[in-house]
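Have a look at the structure below, then the notes.
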């Protein structure tokens, strides 16, 4: 396999790498076979967590994610002079794929070089409308951090708190978190506290970044209208 593929598949063992290499060769010869090869990765290459402490692949790619990313990197290289063709193909893979395949597409958006352009942003938007923690986490990888508007990115971070995605899965959180996000998270914490519900510990990662006045501290409560209404139902 190429050095690029090796870089994208650090957790595949030697046998899985050989099986993936066979698929890569098929794709090199006939890029249009991606629609057949991509769904077959779990069966033909490998399946399972790359980290035993992250069985669902929320923080880190699973083995099948790594293999699918390598296939899409191969496809991107094959169609380097036709990026619109690549964009259409990954949109189709996402649209018709199951949750594992959708996650593989989202992971690839953040991993392949050069990074796909903003034409694939609707896939990220779609993932953020789900309540699947695996898709929400993958949507907020490096690609989402680069291309989502500041408003959409903030809502994505808030969605993570709603559905239980750990914030260490969010790319560039420390770089992009701002006072407005902290205010939104504070409102969310007040809402949870008023309803007698626990507040996610991860909320502190955002709140601690902003100096709060006594009047604005989340624990002081408040009657401001929050911006989290309806988010749990999206």
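Values quoted throughout were computed directly from the atomic coordinates according to the rules given, and no laboratory measurement underlies them. Please read these numbers as outputs of a predicted model, since none were measured by experiment. Methodologically, a virtual Cβ is constructed for each residue, glycine included, from the backbone with ideal geometry; neighbour enumeration extends over all protein chains shown.
From the largest down, segment 39-81 spans 40, 22, 11 angstrom on the principal axes of its Cα atoms.
When Rg is the radius of gyration of the Cα atoms in the chain and Rh is its Kirkwood radius, what does Rg/Rh come to? Don't jump to the answer; show the numbers that get you there.
Details: Rg = 19.5 Å, Rh = 18.8 Å.
Using Cα coordinates only, the ratio equals 1.04.
Once you reduce segment 1-62 and segment 143-201 to the center of their Cα atoms, the two points are 31 Å from each other. Structural descriptor for the chain: relative contact order 14 percent, calculated from alpha carbon pairs under 8 angstrom and at least 6 residues apart.
Each of 54, 6 was scored by other Cβ atoms within 10 Å of its Cβ. Listed from fewest to most, they are 6, 54. Structural descriptor for segment 54-176: relative contact order 25 percent, calculated from alpha carbon pairs under 8 angstrom and at least 6 residues apart. Counted by neighbouring Cβ atoms within 10 Å, the residues 162, 86 run from fewest to most as 162, 86. Please give the helix 14-29 orientation as an angle from the longest Cα principal axis of the chain, in degrees from 0 to 90, rounded to the nearest 10. That helix lies at roughly 70 degrees to the long axis. Between 134, 172, 68, the Gaussian network model of the chain with springs among Cα atoms under 10 angstrom shows the greatest mean-square fluctuation at 172. For the peptides 76-83, 34-41, 21-28, the ranking by mean Cβ contacts within 10 Å, running from highest to lowest, is 34-41, 21-28, 76-83.
Counting only alpha carbon atoms, the long axis of helix 63-78 and the longest principal axis of the chain meet at about 60°.
Stick to the Cα atoms of segment 1-116, pair each with every other, and give me the Kirkwood hydrodynamic radius in Å at one decimal. Write out the running numbers ahead of the final one.
Numbers: mean 1/r = 0.0722 Å⁻¹.
About 13.8 Å, per the Kirkwood formula over Cα pairs.
Summary of packing: across the peptides 173-179, 184-190, the per-residue average of other C-beta atoms within 10 Å ranks them, highest first, as 184-190, 173-179.
Just from its helices, what would the mean residue ellipticity at 222 nm be for the chain, if runs of 4 or more DSSP H residues each count -39500 (n - 2.57) and the sum is divided by every residue, rounded to the nearest 500 deg cm²/dmol? Let's see the in-between values first.
Details: 14 runs with 133 residues, N = 234.
Calculated at 222 nm, the ellipticity per residue is -16500 deg cm²/dmol.
In this rough spin-label picture, where each label sits 7 Å from Cα along the Cβ direction, the residue 152-residue 92 distance is 2.3 nm. For the chain, the longest principal axis of the Cα atoms and the long axis of helix 99-111 meet at an angle of about 90 degrees.
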